[in-house]
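These notes concern the structure reproduced below.
None of the figures in this text is laboratory data; all of them are computed from the coordinates on show. Everything numeric in this text was worked out from a predicted model, so none of it was measured. Quick reminder, even Gly has a Cβ in these numbers, built from the backbone with ideal geometry, and neighbours come from all protein chains shown.
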Amino acid sequence: MLLRPIGTRVGALASKPMAALGAAVSIGAVLSFAGPDLASAADASNPGSTQFSVNSTIGVLVSGDVRLAAAAIAPADDAATRGAPSAARAAAELPPAAVRRAVEGEIRRGDTLSVALRRHGLPRSFGPLVAREMRGHFDFRKSQPGHHFIAVVDESGELFEFRYLTSKTDGFRLRRLGNGYQVERDEATLVSRVSRISGIVDTSLYESMQSLGASPQLAQDFASIFAWDLDFSRSVRQGDGYKVLYERLYSVADDGSEAYLRPGRILAAQYDGAAGDFTAIYFEEEEGRGSYYRPDGTSVERSFLLAPMQYGRISSRYSSARRHPILKVTRPHYGIDYAASVGTPVWAVADGEVIYRARAGGFGNLVKVRHMNGYVSYYAHLSRYANGLSVSDHVHQKQLIGYVGQSGLATGPHVCFRMTHQGKYVDPMQVPRSAGRPVSPLSTHLFEGTRDILLAELGGSLLFAVDEAL
Ligand SMILES: [Zn+2]
């Protein structure tokens with residue numbers, strides 16, 4: 001199955017600040033070519049990047065960044081893709097537009113202003129220029145880690161504007177005025193515009209999103225929303241589709257011109273892949289305190305069960321040093337022993353994939369289940385495994401995986417339950433246990449309204465499925 005953009009006329013989201021979202025978001029504006037340039041549409045931390053490898057990804061970016069969208073749309077089918085013009089050429093054929101890009105950065109420990117600017121790819125001359133022009137207003141020898149800057153560079157690579165923020169709201173602004181510059185106190189003005197990106201994964205989600213000009217930050221945010229459902233380093237398959245409705249943040253200059261800064265919040269996201277279909281909605285139960293929910297109002301966050309069985313008595317806790325009952329030596333016990341009679345059912349503490357089901361030395365009969373977010377759970381000393389259970393099976397939370405026994409090094413029937421996180425043993429008592437809270441009953445109606453608007457915006461009619469076999 002292949003998803004294809006329909007023609008070149010796409011329903012673009014009308015650009016509007018987030019404040020207006022929730023009331024109504026209009027759909028159906030026609031693509032125009034007056035958007036910002038390719039460079040400014042690309043990630044601000046990667047200034048000047050105009051590489052859009054359309055060969056590996058079919059997808060569209062809908063927003064003010066229509067030039068980018070056009071570049072991404074071009075190869076609509078595989079045959080055309082193979083002989084596709086390079087992205088650079090596709091870009092070059094687009095009408096010229098004023099190119100202005102914003103670069104945002106932060107002062108780090110030990111930085112001088114110049115070092116920080118150069119780290120962000122800005123010209124060597126900018127540091128001295130800014131320091132000279134802002135003399136009397138701010139002394140950059142007093143720069144501190146965490147200070148923030150936004151440099152706006154014009155089409156010829158000259159500094160157009162420079163903002164230096166000593167706090168979230170306070171700072172100075174250097175603006176070009178005629179042949180010189182002017183300094184004033186500043187409060188950064190950012191506006192956010194809603195935008196949509198959708199595509200098909202070829203090799204990785206990151207590459208696919210970047211080939212559409214989205215910043216790596218967006219892919220990261222997307223992956224973390226679905227971290228409970230999908231392991232993006234393992235579960236992603238070629239042909240998986242995704243859609244993201246998100247805010248793009250622009251800094252606004254005094255003349256009203258805007259320069260793209262970075263992605264803001266993701267408002268809705270969808271992943272339809274071999275591993276399943278997942279949807280998340282951003283919703284603020286209280287103003288300013290939002291979370292991600294599934295369309296049914298439950299949280300995207302899932303939890304691990306406390307114990308791998310219904311009834312069991314903890315006979316030994318997790319500890320970094322205990323006297324081993326059989327070996328009679330002091331050594332760490334990286335698990336929790338639950339004593340129970342032979343044959344007591346043992347279940348998986350969360351959804352996951354069986355990655356081991358065999359004898360393993362002192363562990364006896366061992367089952368290992370890999371979960372999302374880098375967790376693996378171990379169930380040792382089993383008397384036997386659940387019927388039909390085998391490696392690479394997907395198991396659900398509370399699904400039977402085996403029965404309590406005394407196999408391996410064990411003084412009595414128990415299950416030794418262990419967990420690792422990123423390959424290291426962790427105390428199973430300390431792993432995330434509380435699933436995120438669902439939308440409260442009071443907010444249900446509001447949530448449903450928001451959800452329907454966001455999903456309509458997210459879905460649009462940009463892509464449709466084509467069955468290649470037909
Ligand atoms: Zn144990």
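Rank the residues 265, 124, 163 as a footprinting-exposure proxy: fewest other Cβ atoms within 10 Å of their Cβ go first.
Lowest to highest Cβ neighbour count: 124, 265, 163.
Roughly speaking, what is the centre-to-centre gap between the range 157-236 and the range 402-430 when only Cα atoms are used, to the nearest Å?
Taking the Cα centre of the range 402-430 as reference, the centre of the range 157-236 is 44 Å away.
Determine the shape class of the range 313-430: with a ≥ b ≥ c the square roots of the Cα gyration tensor eigenvalues, call it rounded for a/c under 1.5, and otherwise prolate if a/b is greater than b/c, oblate otherwise.
Oblate, because a/c is 1.5 or more while a/b does not exceed b/c.
Sequence-distant or interchain residues sharing an amide H contact under 5 Å with residue 355, placed H: which?
Distant-sequence amide H within range of residue 355: 368, 369, 370, 392.
Label-point separation (nm) for residue 289 and residue 390, each offset 7 Å from Cα along Cα-to-Cβ?
My value for the distance between the label points is 5.0 nm.
Taking square-rooted eigenvalues a ≥ b ≥ c of the alpha carbon gyration tensor, is the range 212-351 rounded, prolate or oblate, where a/c under 1.5 means rounded and, failing that, a/b exceeding b/c means prolate?
Cα axes put the range 212-351 in the prolate bin.
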